[in-house]
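K.L.:
Below you will find the structure I want to go over with you.
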Amino acid sequence: MARLLDIRDLVVEARTMTGDWTRIVDGVSCHVDAGEVLGLIGESGAGKSTIGLACLAFARPGARFAGGAIVLDGQNVIELDREGRRALRGPKVAYVAQSAAASFNPAMTLFDQVCEAPVRHGLASMAEARREAAAMFRRLQLPDPERFGDRYPHQVSGGQLQRAMAAMAMACRPKLIVFDEPTTALDVTTQIEVLAAIKDLIRDYGTAGVYISHDLAVVAQISDRIQVLRHGRTVEVGATKQVIEAPQMAYTRELVTARKEHPKTEAGPATEAPLLQVRGVTAQYSSGLQVLSDVSLALQRGRTVAVVGESGSGKSTLARVVTGLLKPLTGEVVLEGTALPAGYRQRTRAALRRIQMIYQMPDVALNPRHTVAETIGRPLQLYLGMDASARRRRTAELLDQIGLKPEFAERLPGELSGGQKQRVCIARALAAEPDIVICDEVTSALDPLIAEGILQLLQRLQDELGLSYIFITHDLAIVWNIADDVVVMRHGKVVESGPKRQIFTPPHDPYTELLLSSAPEMRPEWLDELLARRAAKGVSTAA
Amino acid sequence: MRYFRDMPLSAAIGLAIVLLNVLMAALGPSLAPYAESEQVSTQPWLPPSAEALLGTDNLGRDLLSRMLYGAQTTLGIALIATLISFAVGVTLGFAAGTLGGLLDQVLGRIVDVLMAIPSLILSLLMLSILGTGVPVIIAVIATVDATRVFRIARALAMNLSVLEFVEAAKLRGERIGWILGKEILPNALPPLVAEFGLRFCFVILFISSLSFLGLGIQPPYADWGGMVRDNAQAINFAAYDPLIAVAPLAPAIAIAALTIAINLVADWMLAKQNRTTGGGEA
């Protein structure tokens, strides 16, 4: 096959705060043949998005090309002038960004945005471009394709918008499309519909692609070959099947195993009365939007109940009710047989101490102006009345427990990595010596390997300290690995709840079935098999 | 001292001028060759000479001495008024932004009313009713400025109080004092400090305007704005001897230099703030 894209020893540098240049892509070479899809895999900071943007001859503000060549269709795109780049972007190479919502202009209709490129490049008249766009919308199974484009971005769902963006990328029939984490911000069931649409498109038009993701299982569905990147260098490159089934390098092996299932040993049936109960909670926000209706949940001492659901299912609102940040309309939260006051302001400090919370975004969960020692020391002082020297000793113990060195005590959050920040959040929760810890999507903002470390830490702490977790997540692979009991939520209602084994073995509730089957598996055939199975059963891919 | 390491030249010059002004205000009276309202000559607007380094003013007083005394009055009143406006504005703004509800509504409407009246008119009105003593001037300026500070502090507190570390503090059972003082204030400080610099400038200009209109610092006390007014006529005689123009220009230049200097320092601090908080990876 003809070589379409050839990147040779690409070096991209970024300016640091001190004004020096540091290499963010350090001599990466890769190639894409016509009609082929290359998957770029790596953690944040691996340089994958930088390479993706480089294919469009673009370097982010503060970055520059410092070496190497990007030959696309026989042309080194780095050397192109302004006009050359204009001719390149759209007709030859197009880009699909992670957040369609942030990439579309909210003040323009979808038709105007999708048709802009072919009209500007003189490839079609507005009428032709609209016809083409409507046809593309139809291919992508968007509703009411003739008029879909008359809507504004906020009038369509996230999954639909992401597909509209794929249509926009296809508008000039480019030879290469760069997909930059197009499904990362979507729910699992929506991810399937977008993945299926992208896969169809590429197959039908023979478009080549560069597919960027941190999720190996997702990349495996789309790519012919996978290139693993880390710290701006290539770790490993090979055919998809070979990289997944027989990874050569230690880092790739870690990435593969982090996604694998290693289920938690099963807890026996509940014997004692539950530690915490949520009984028939109905809640709404002041806007009048009802977000929880008649939700109940029971948490046994020393066990983990996972609350699973997609965005908008009300799982985080449930956490707000348990902590007292949102007062429910009806229902109650019962701790060891005693109903807690609905609002946190009415609860005693002793009651507040027993329920601690760990958040999704460790960046905003820690006060950026407080050192680690101050952050961890505050609950020690407030709840346990420790003096300065006792606090120092206990902080050191806690740091040791979460796997950080004692010298971290004097650092500010800005000097920590994402995983380290999340560990400090865990230590702050532990400092209160709680009975219950609510974990709200604690790993979803972290890279896979870091997330795996956090999960292992939480499990170890549960084994050592007998903590009870309410674990809120959208990721079923995590549920399988850490939960004892599962509550599945949708649209503010509990769909199904019970011990993990019962939830995970058929027969399922139809929604649980949809969720379970939508979780990507690390097999290149998985998506095709799933779609075939659903088609046979007459289940639409669009949830 | 690490804070000052990568300071650009403009900010360094600004900081030097600010420090010079602070020195003048602190040591001015003891450095002044003559007393504040001492007449050194019977002739007004003498050009600079060995006896009077900057010449004399409209009443034959030593201009340099007046400048040095004036620094203390102008900067002192501006500093105190700005401090009071920040103490009041930040406290109320934080409380309104964090607690919301009725308190926010009541304070917000009061501020709306005060801001609806042009600040110079409002101040002139209050000064003509209450008299023109220094404490009254400070109170009037502090009130007018506190409304602006309130708006900024409220907006900062609203942005910060929805962040999860503040939520975590609430759930921990912290009292409002801790939440405002330890969680919100340290994070709002850099923009507030930059704002302090700018407000301080406005206040100096404002005092000068008041003095120029005759409702500010009363004679015989020296202040820079008043000195510009007193000596404005001298500009007519500069045709005969350009050096006579020093009398009105010296205090005017002092005001302009300090204003520009403070702005240079504030710009640098704001830029620095943006660099340290906005420098995250995509």
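Since every read-out is calculated from the coordinates, none of them should be taken as a lab result. Just so it is clear, the model here is predicted, and its values are computed rather than measured. Positions of Cβ are backbone-derived with ideal geometry, glycine not excepted, and every protein chain shown enters the neighbour counts.
K.L.:
Taking a threshold of 30 Å on the Cα-Cα distance, which of the pairs A:Lys92/B:Lys272; B:Lys182/B:Lys272; A:Lys92/A:Lys537; A:Lys48/A:Lys500; A:Lys264/B:Lys170 fall above it? Mind showing how you got there, number by number?
P.N.:
Values: A:Lys92/B:Lys272 41 Å; B:Lys182/B:Lys272 22 Å; A:Lys92/A:Lys537 39 Å; A:Lys48/A:Lys500 37 Å; A:Lys264/B:Lys170 34 Å.
Too far apart for the 30 Å limit: A:Lys92/B:Lys272; A:Lys92/A:Lys537; A:Lys48/A:Lys500; A:Lys264/B:Lys170.
K.L.:
Given springs between every Cα pair under 10 Å in a Gaussian network model of chain B, which of B:Leu54, B:Leu31, B:Leu63 has the largest fluctuation?
P.N.:
Answer for the Gaussian network model of chain B: B:Leu31.
K.L.:
Quick check: pseudo-label points 7 Å beyond the Cα along Cα→Cβ at B:Leu20 and A:Arg392, how many nm apart are they?
P.N.:
Output for this residue pair reads 4.7 nm.
K.L.:
In nm, give the distance between the simple-model label positions of A:Arg203 and A:His121, each being 7 Å from the Cα along the Cα-to-Cβ direction.
P.N.:
Between A:Arg203 and A:His121, the label points sit 2.5 nm apart.
K.L.:
So, one more: Rank these for me by crowding, A:Met168, B:Met126, A:Met17, going from fewest to most other beta carbons within 10 Å.
P.N.:
Working: A:Met168 24, B:Met126 18, A:Met17 9.
In increasing order of surrounding Cβ atoms, one gets A:Met17, B:Met126, A:Met168.
K.L.:
At 222 nm, what value in deg cm²/dmol follows for the protein assembly as shown if DSSP H runs of at least 4 each add -39500 (n - 2.57) and the sum is divided by all its residues, to the nearest 500?
P.N.:
Working: 31 runs with 407 residues, N = 825.
Helix contribution divided over all residues of the protein assembly as shown: -15500 deg cm²/dmol.
K.L.:
Here is a follow-up. Enumerate the lysines that A:Lys405 could reach by cross-link, defined here as Cα to Cα under 25 Å, with residues fewer than 8 away along the same chain left out.
P.N.:
Within the straight-line limit of under 25 Å, A:Lys405 reaches these lysines: A:Lys421.
K.L.:
Determine, from the Cβ-Cβ distance of A:Glu79 and A:Arg23 and an R0 of 22 Å, the FRET efficiency 1/(1 + (r/R0)^6), rounded to the nearest 0.05. Before the final figure, lay out the partial values.
P.N.:
Details: r = 20 Å, r/R0 = 0.91.
It comes to 0.65.
K.L.:
Further question: Length gain on complete extension for the stretch B:Ile117 to B:Leu243, per 0.36 nm per residue less the alpha carbon to alpha carbon distance? Kindly include the intermediate steps, with their values, before the conclusion.
P.N.:
Working: separation 126, 0.36 × 126 = 45.36 nm, distance 4.14 nm.
Extending this stretch completely gives an extra 41.2 nm.
K.L.:
To make sure I understand, if each residue's beta carbon is the centre and we count other beta carbons within 10 Å, what order do A:Asp400, A:Asp485, A:Asp224 fall in, fewest to most? Working shown, then result.
P.N.:
Working: A:Asp400 12, A:Asp485 23, A:Asp224 18.
Sorted ascending by nearby Cβ count, the order is A:Asp400, A:Asp224, A:Asp485.
K.L.:
If every alpha-carbon in the range A:276-505 counts as one equal scatterer, what log10 I(q)/I(0) does Debye give at q = 0.16, 0.18 1/Å?
P.N.:
Calculated log10 I(q)/I(0) at the listed q: -1.14, -1.39.
K.L.:
Enter the mean projected area of the convex hull around the alpha-carbon atoms of chain A, in nm², rounded to one decimal.
P.N.:
Details: hull surface 108.6 nm².
Directional mean of the projected Cα hull area for chain A stands at 27.1 nm².
K.L.:
Between B:Ile176 and B:Val193, what is the label-point separation in nm under the 7 Å Cα-to-beta-carbon projection?
P.N.:
Taking the simple label geometry, B:Val193 and B:Ile176 are separated by 2.8 nm.
K.L.:
Could you pull out the longest piece of chain B with no exposed loop trypsin sites (Lys or Arg not before Pro) in it, calling a site exposed if DSSP puts it outside H, G, I, E, B and it has at most 16 other Cβ atoms within 10 Å? Working shown, then result.
P.N.:
Numbers: sites that count: B:Arg5, B:Arg175.
Of all site-free stretches, the longest is B:6-174.
K.L.:
Then there is this: May I have the convex hull volume per residue, in Å³, for the Cα set of chain B?
P.N.:
Numbers: hull volume 48.5 nm³, N = 282.
Taking only Cα atoms, chain B has a hull volume of 172 Å³ per residue.
K.L.:
What's the longest bit of chain A with no exposed GluC sites (Glu not before Pro), using DSSP loop states and at most 14 other Cβ atoms within 10 Å as the test?
P.N.:
Details: sites that count: A:Glu261, A:Glu266, A:Glu272, A:Glu336, A:Glu525.
The reported range is A:1-260.
K.L.:
Between B:Val90, B:Val203, B:Val136, where does the largest GNM mean-square fluctuation fall for chain B, given springs only between Cα atoms within less than 10 Å?
P.N.:
For chain B, modelled as a Gaussian network with Cα springs under 10 Å, the answer is B:Val136.
K.L.:
Given a cut-off of under 8 Å on Cα pairs at least six residues apart, what relative contact order in percent is computed for the range A:276-505? Before the final figure, lay out the partial values.
P.N.:
Details: 432 pairs, mean separation 69.7, N = 230.
In percent, rounded to a whole number, it is 30.
K.L.:
Among A:Phe148, B:Phe212, B:Phe150, A:Phe408, what is the fewest-to-most ranking by other Cβ atoms within 10 Å? If you can, show how the numbers build up before the last one.
P.N.:
Values: A:Phe148 24, B:Phe212 18, B:Phe150 27, A:Phe408 21.
Final ranking by Cβ density, sparse to dense: B:Phe212, A:Phe408, A:Phe148, B:Phe150.
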